[in-house]
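Asks: One structure, pasted below without further comment.
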Amino acid sequence: MTRNLLDLEDAGIEGIAEILSLCSPERGRDLAGLSAALVFEKPSARTRNATEMAVVDLGGHAIVINDAEVGIDRRETAEDVARTLGCYHQLLAARVHDHTVLERMVQALDEQGSSVSVINLLSDRSHPCQGLADALTMRDEFGEDASGRRVAYIGDANNVTRSLAQVSLALGMDVAVAAPPGYQLSESDLDELSGFAWAGATLSVTSDPVEAARGASVLYTDVWTSMGQEAEREQRLQDFAGYCIDEDLCAVAADEAVVLHCLPAHRGEEISGDVLEGPRSRIWQQAAHRRTAMRGVFRWVRSS
């Protein structure tokens, strides 16, 4: 059966652990003689570089395809793009606006009896590869047993939040999400995420960033205004006032607390410049682990 990774639900707790165990560069060139189509509907810095270099690390060949070249559902349907790329490649990794595009690609390939794996490089629903890089960064800091520690996510509860919660709960870490009313995880998200809780890990939500951050081992944030939300920027700046990870918020966290950010960062909005550049920051290690995580993802989908 072909393995796909559209959301960390596709892996589950055991699969997350398996992927994390497959990230080492010493494990071999598992993609030798194979190729990967990397499709980007959105601009990308870390995702493109990390994914392309992970293919190189594993001995494969990556072809990067931008939106203008395929025009999903404009020039060709998502199904036809997937079928075409499946003629040439064994892996299809895509960064898309709409998560259902990935689901349609998987269905089209399955209907053909194709063995091409589809990987989500970011969608409006989740960012699984970022979540795995986050897990690797937290393991670097706290070891393989991080159970009992707490991750505090401060800001817009979005696709990154969902994937972060999945991996953190799977590691046995408690998760607290602080977001203003209207920007919090949905009830259906909370129900689904509860299935990732391991070793008694808990998920809580609040509108108070200090409550979430108090005693936390990890403080995490993302931009308040993502691509495609530019028209909402002024309203979001008002709504998220007080949700910046700054020195005052760090002061209520645990003594060993580290700060993570999936980038790009807007200094002075969701994170202060002194925290981003300060001794608690593990943001650049986190960015480097995007490449590490992709090695594990490629090995995992190919091991089915």
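The values are calculated or read from the model by the stated rules, or taken from the named source; none is laboratory data. What you are looking at is a predicted structure, and each value in this text was computed from that prediction instead of being measured. Heads up, the Cβs are rebuilt from the backbone with ideal geometry, glycines too, and the neighbour counts pull from every protein chain shown.
Asks: I need the full set of residues from the stretch 52-66 which are outside any strand (DSSP E or B), touching a Lys or Arg at 6+ places or on another chain (Cβ under 8 Å) and not small (Gly, Ala, Ser), in order please.
Replies: Met53, Asp57, Leu58
Asks: Another question, then. Of the numbered conditions (1) among the small types (Gly, Ala, Ser); (2) over 22 Å from Cys262 (Cα atoms); (3) part of a helix (DSSP H, G or I), Ala17 fails exactly one; give the number of that condition.
Replies: Evaluating Ala17 over (1) among the small types (Gly, Ala, Ser); (2) over 22 Å from Cys262 (Cα atoms); (3) part of a helix (DSSP H, G or I) leaves (2) as the failure.
Asks: Shifting gears a bit: Considering Glu192, Glu256, Glu234, which residue is surrounded by fewer than 17 Cβ atoms within 10 Å (Cβ to Cβ), within 30 Å of Ser115 (Cβ to Cβ) and not small (Gly, Ala, Ser)?
Replies: Of the residues listed, the single one that is surrounded by fewer than 17 Cβ atoms within 10 Å (Cβ to Cβ), within 30 Å of Ser115 (Cβ to Cβ) and not small (Gly, Ala, Ser) is Glu192.
Asks: Of all residues in the stretch 277-304 being closer than 20 Å to Phe142 by Cα, more than 17 Å from the chain's Cα centre (by Cα) and of a type outside the set (Ser, Thr, Tyr), which is surrounded by the fewest Cβ atoms within 10 Å (Cβ to Cβ)?
Replies: Pro279
Asks: Just checking, how many residues over the stretch 193-216 are more than 18 Å from Ala11 (Cα to Cα), within 22 Å of the chain's Cα centre (by Cα) and among the hydrophobic types (A, V, I, L, M, F, W, C)?
Replies: 6
Asks: Now for a different question. When only residues in the stretch 233-281 that are in contact with a Ser or Thr (Cβ under 6 Å, 6 or more places away or on another chain) and among the basic types (Lys, Arg) count, which is modelled with the highest pLDDT?
Replies: Residue satisfying both the conditions and the ranking: Arg236.
Asks: When the stretch 199-232 is examined, which residues are found to be of a type outside the set (Asp, Glu) and in a helix (DSSP H, G or I)?
Replies: Hits for the stretch 199-232 are Pro209, Val210, Ala212, Ala213, Ala231.
Asks: Can you confirm whether Ala176 is farther than 15 Å from Glu270 by Cβ and in a loop (DSSP other than H, G, I, E, B)?
Replies: Details: farther than 15 Å from Glu270 by Cβ: yes; in a loop (DSSP other than H, G, I, E, B): no.
The answer is no for Ala176.
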